[in-house]
Amino acid sequence: MKFQETSLKDVYLIELEKRGDDRGFFARSFCVDEFEEMGLETRFLQQNVSRSILKSTLRGMHYQIGESAEVKYIRCQSGSILDVIIDIRKESPTFMNHEAFELSHKNTKSLYIPKGFAHGFITLEENTEVSYLVSSKYNGDKERGIRWNDPLFNISWPVTNPVLSEKDIKHKDFNIKINPLDKSYNEC
């Protein structure tokens with residue numbers, strides 16, 4: 001695997017080192033030893049799968065707080081997505097910055113996201129499936145979100161009217177005056 005640093009502290013775009021022939025290719029998509037060498041999380045407790053039937057389905061911007069905060073390792077198994085993350089770690093030098101990454105079954109890139117990031121993606125094709133490993137079990141009481149089009153971040157989404165869940169529609173804008181990762185933070 002090839003680990004590429006991004007503009008956001010502690011985030012890596014990971015490329016497969018493919019070994020192939022006319023049948024296709026073989027590659028490791030996760031290796032404990034290689035992740036440990038990079039100082040990355042290696043203990044993942046869940047693998048989640050998201051299937052979106054419609055193009056322009058937006059899921060996000062989600063994060064969990066306290067002990068439920070998650071490291072995520074994202075791969076797009078079929079179709080393609082624009083994956084967006086926002087650094088909401090107040091102590092981070094890249095606090096309030098965001099970056100977008102195209103992940104697809106064609107480019108086979110993955111994204112390693114540490115704790116303290118809001119995460120979301122929009123599907124660029126119909127029938128897109130995303131798989132991600134997470135370091136913590138899901139806890140609905142600790143889940144939070146930021147409105148997908150919060151003007152504070154000015155994220156350049158490829159559409160202005162995405163397909164959204166009721167939950168994602170209700171997310172509020174980011175409040176810079178409070179620490180969103182604080183265990184006592186209860187707004188969502």
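The table below gives the values:
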read-out	value
Odd one out for Asn154, checked against (1) in contact with a strand residue (DSSP E or B) (Cβ under 7 Å, 6 or more places away or on another chain); (2) exposed (fewer than 12 other Cβ atoms within 10 Å of the Cβ)	(1)
Number of the exception - Leu103 against (1) over 27 Å from Phe30 (Cα atoms); (2) without any contact (Cβ under 8 Å) to a residue 40 or more places away in the chain	(1)
Boolean, Asp21 is more than 25 Å from Phe95 (Cα to Cα) and of a type outside the set (Gly, Ala, Ser)	yes
Filter result (surrounded by fewer than 18 Cβ atoms within 10 Å (Cβ to Cβ) and either under 19 Å from Asn175 (Cβ atoms) or without any contact (Cβ under 8 Å) to a residue 24 or more places away in the chain (or both)) within the stretch 108-130	none
Test for Asn154: is it part of a loop (DSSP other than H, G, I, E, B), touching a residue at least 24 places away in the same chain (Cβ under 8 Å) and polar (S, T, N, Q)	no
Some residue of the stretch 78-89 being in contact with a Pro (Cβ under 8 Å, 6 or more places away or on another chain) and closer than 18 Å to Ile146 by Cα	yes
Selection count, the stretch 52-74, where residues are over 13 Å from the mean Cα position of the chain (by Cα), of a type outside the set (A, V, I, L, M) and surrounded by 14 or more Cβ atoms within 10 Å (Cβ to Cβ)	6
Cβ-Cβ under 8 Å pairs, at least 6 apart or on other chains, the stretch 15-37 side more than 18 Å from Gln77 (Cβ to Cβ), far side at pLDDT 95 or above and among the charged types (D, E, K, R)	Glu17/Lys2; Phe35/Glu41
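Residues checked against (1) modelled with pLDDT of 95 or more; (2) out of contact with any strand residue (DSSP E or B) (no Cβ under 7 Å at 6 or more places or on another chain); (3) within 19 Å of Glu102 (Cβ to Cβ):
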position	(1), (2), (3)
Lys2	yes, no, yes
Leu8	yes, no, yes
Ile14	yes, no, yes
Phe26	no, no, no
Glu34	yes, yes, no
Met38	yes, no, no
Glu41	yes, yes, no
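The values are calculated or read from the model by the stated rules, or taken from the named source; none is laboratory data. All figures in this text were calculated on a predicted structure; none of them were measured in a lab. Note: ideal-geometry Cβ built from the backbone for every residue, glycine included; neighbour counts use all protein chains shown.
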